[in-house]
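**Q** Quick one: structure below, then a few questions.
The values are calculated or read from the model by the stated rules, or taken from the named source; none is laboratory data. All of these numbers come straight from a predicted model, not from anything done at the bench. Note that each Cβ is placed from the backbone with ideal geometry, even for glycine, and that neighbours are counted across all protein chains shown.
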2 protein chains.
Amino acid sequence: MQNDATIWSKNSLPDAVTVRLPAWVKDFVPASAVYPADEDRMRLAIALSRENVVRKTGGPFGAAVFEEDTGRLVSVGVNSVERLRNSVLHAEIMALMLAQASVGSFTLHGRGTHSHVLITSCEPCAMCLGALLWSGVRRIVCGARREAALAIGFEEGPVFAESYQYLEARGISIVRGLLADEAEAVLRLYQERDGLIYNA
Amino acid sequence: MQNDATIWSKNSLPDAVTVRLPAWVKDFVPASAVYPADEDRMRLAIALSRENVVRKTGGPFGAAVFEEDTGRLVSVGVNSVERLRNSVLHAEIMALMLAQASVGSFTLHGRGTHSHVLITSCEPCAMCLGALLWSGVRRIVCGARREAALAIGFEEGPVFAESYQYLEARGISIVRGLLADEAEAVLRLYQERDGLIYNA
């Protein structure tokens, strides 16, 4: 439990939460790595999702943010809902928060510098799709299909065809189904290991 | 800037972010307060939204989580996107993360203990509506209408009538427009003071 909330002495309301990746991530992700192709980027997201299952640190989902032009890795995220006892901490949310901390801005849009892409091992839920709209990423690449997440008991929330169209109408391009078989194998691995379906 | 991201020495990827309320909140919220009626709860959310504008610590949005039966205040949130340079940190997200830290669980559902309600000074965006679905709150009460947020330039994302129906079908009840005039006055105050529209 790394969720060190500060409790006010005055009225016992919490005023802070620290969001932290699992300790294994630091050694798992190659130093100063560059990922030119979407397939390389997706393999990292899937590897993170699998390792999160194997290490028992959360749900079977991984994500990463890259500079679009250079392929430089900016941040990674793994599902941390159960570990940090926080339903907001899907892999995409972790990756976006850490990417914005890294660039020091509430938008990854870049304003003339680097444009950013988020790669996720599974199609985003309603919360994450909304978060992606506000984040400033210009492109989203998804692995596993939402149906594969639904098949093992995870919900995806109110995501409709119109939701994707809404983002695309605002200049965000979306790729779905990249290396879907590899990504969906991790979902089945989680099920085989009786992983918690936390929003069932 | 209270966003103290830890940077890995190895490859300069960030691994942690601390989410913290503005310092004024601690003195602004009454100690050990109980709010029996929805109107009292909404007045607190609106007061937080107004104070966030007056203190220049973020967008014109406030939220709070209460125990439904006792009226005990569990957590509060104010929009912190600009202050903490993090597009995820809407008022509702702050309140949910802090409430879960307080109860020590990724769900506020209660499992036989207290049921929880989230009160928000403005109808939630797509991200927050999704987050509310996963949070375990059983009821949502909203102040300002989404049209009032749109009128000053904020976007709400892909939220449709079907989105609300989706939550209601899963047992979450939703009240809209409570003290809407008071809540919407804060949106206009933000506009008059040339507050940043961060997702324009």
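**Q** Working carefully through the options B:Ser135, B:Ser121, find the one that is of a type in the set (S, T, N, Q), in contact (Cβ under 8 Å) with a residue 40 or more places away in the chain and surrounded by 20 or more Cβ atoms within 10 Å (Cβ to Cβ).
**A** Checking each option against the conditions leaves just B:Ser121.
**Q** Could you grab me the full set of residues in the range B:72-82 that are surrounded by 19 or more Cβ atoms within 10 Å (Cβ to Cβ) and assigned to a loop (DSSP other than H, G, I, E, B)?
**A** Hits for the range B:72-82 are B:Asn79, B:Ser80, B:Val81.
**Q** Being buried (at least 24 other Cβ atoms within 10 Å of the Cβ) and either outside any helix (DSSP H, G or I) or in contact (Cβ under 8 Å) with a residue 40 or more places away in the chain (or both) is the filter here; which residues of the range A:88-105 pass it?
**A** A:Val88, A:Leu89, A:His90, A:Ala91, A:Glu92, A:Met94, A:Leu96, A:Met97, A:Leu98
**Q** For the range B:100-118, which positions are more than 7 Å from chain A (Cβ to nearest Cβ), in contact with an Asp or Glu (Cβ under 7 Å, 6 or more places away or on another chain) and not hydroxyl-bearing (Ser, Thr, Tyr)?
**A** Initial filter on the range B:100-118 (more than 7 Å from chain A (Cβ to nearest Cβ)): B:103, B:108-118.
Remaining after also requiring in contact with an Asp or Glu (Cβ under 7 Å, 6 or more places away or on another chain): B:114-118.
Scanning the range B:100-118 gives B:His114, B:His116, B:Val117, B:Leu118.
**Q** Oh, and also: Go through the residues of the range A:121-131 one by one and say whether even a single one is assigned to a loop (DSSP other than H, G, I, E, B) and of a type in the set (D, E, K, R).
**A** Scanning the range A:121-131, I find at least one residue that is assigned to a loop (DSSP other than H, G, I, E, B) and of a type in the set (D, E, K, R), so the answer is yes.
**Q** Testing B:Leu178 on (1) under 29 Å from B:Val103 (Cβ atoms); (2) in contact with a helix residue (DSSP H, G or I) (Cβ under 9 Å, 6 or more places away or on another chain); (3) not in a loop (DSSP other than H, G, I, E, B), one condition comes back false. Which one is that?
**A** (3)
**Q** Give me the residue from the range A:23-71 that is assigned to a strand (DSSP E or B) and not small (Gly, Ala, Ser) and, out of that set, surrounded by the fewest Cβ atoms within 10 Å (Cβ to Cβ).
**A** Per the criteria, the residue is A:Val34.
**Q** Looking at the range A:146-156, can you tell me whether even one residue there is touching an Asp or Glu at 6+ places or on another chain (Cβ under 8 Å), among the aromatic types (Phe, Trp, Tyr) and on the phi < 0 side of the Ramachandran plot?
**A** Within the range A:146-156, the subset touching an Asp or Glu at 6+ places or on another chain (Cβ under 8 Å) is A:146, A:148-150, A:156.
From the residues that got through so far, the ones that are among the aromatic types (Phe, Trp, Tyr) too are none.
So far as the range A:146-156 goes, no, none of its residues is touching an Asp or Glu at 6+ places or on another chain (Cβ under 8 Å), among the aromatic types (Phe, Trp, Tyr) and on the phi < 0 side of the Ramachandran plot.
**Q** Regarding B:Ala126, is this residue more than 12 Å from chain A (Cβ to nearest Cβ), small (Gly, Ala, Ser) and touching a helix residue (DSSP H, G or I) at 6+ places or on another chain (Cβ under 8 Å)?
**A** Details: more than 12 Å from chain A (Cβ to nearest Cβ): no; small (Gly, Ala, Ser): yes; touching a helix residue (DSSP H, G or I) at 6+ places or on another chain (Cβ under 8 Å): yes.
No, not satisfied.
**Q** Just to be sure I understand, how many residues within the range A:36-69 are modelled with pLDDT under 95 and not acidic (Asp, Glu)?
**A** Going through the range A:36-69 one residue at a time, the tally reaches 1.
**Q** So, B:Arg85, is that one within 13 Å of another protein chain (Cβ to nearest Cβ), surrounded by fewer than 24 Cβ atoms within 10 Å (Cβ to Cβ) and either more than 20 Å from B:Ala45 (Cα to Cα) or out of contact with any His (no Cβ under 9 Å at 6 or more places or on another chain) (or both) or not?
**A** Here the answer is yes, as B:Arg85 does meet what is asked.
**Q** Determine whether B:Ala200 is more than 16 Å from the chain's Cα centre (by Cα), among the hydrophobic types (A, V, I, L, M, F, W, C), modelled with pLDDT of 95 or more and not in a strand (DSSP E or B).
**A** No.
**Q** Check whether at least one residue in the range A:145-160 is without any contact (Cβ under 8 Å) to a residue 24 or more places away in the chain, facing another protein chain (nearest Cβ under 7 Å) and either in a loop (DSSP other than H, G, I, E, B) or of a type in the set (Val, Ile, Thr) (or both), and report yes or no.
**A** Step one: filter the range A:145-160 for residues without any contact (Cβ under 8 Å) to a residue 24 or more places away in the chain, giving A:147, A:150, A:160.
With the extra rule that they be facing another protein chain (nearest Cβ under 7 Å), the set shrinks to A:160.
Within this subset, residues satisfying the condition of being either in a loop (DSSP other than H, G, I, E, B) or of a type in the set (Val, Ile, Thr) (or both) are A:160.
Yes: one or more hits.
**Q** Here's a follow-up. For the range B:137-168, which positions are among the aromatic types (Phe, Trp, Tyr) and either at pLDDT below 95 or in contact with a Cys (Cβ under 9 Å, 6 or more places away or on another chain) (or both)?
**A** Within the range B:137-168, just B:Phe154 meets the criteria.
**Q** Let me ask something else about it. Just to be sure I understand, how many residues within the range B:38-60 are over 15 Å from B:Arg176 (Cα atoms) and more than 14 Å from every other protein chain (Cβ to nearest Cβ)?
**A** Total meeting the criteria: 11.
**Q** Among the listed residues B:Ala131, B:Ala144, B:Ala161, which satisfies the condition of being under 19 Å from B:Asp38 (Cα atoms) and of a type in the set (Gly, Ala, Ser)? Write out each step before concluding.
**A** On the way: B:Ala131 fails: under 19 Å from B:Asp38 (Cα atoms); B:Ala161 fails: under 19 Å from B:Asp38 (Cα atoms).
Answer to the selection: B:Ala144.
**Q** Same structure, new question: Just to be sure, is A:Val117 under 25 Å from A:Gln165 (Cα atoms), part of a loop (DSSP other than H, G, I, E, B) and within 16 Å of the chain's Cα centre (by Cα)?
**A** Answer is no for this residue.
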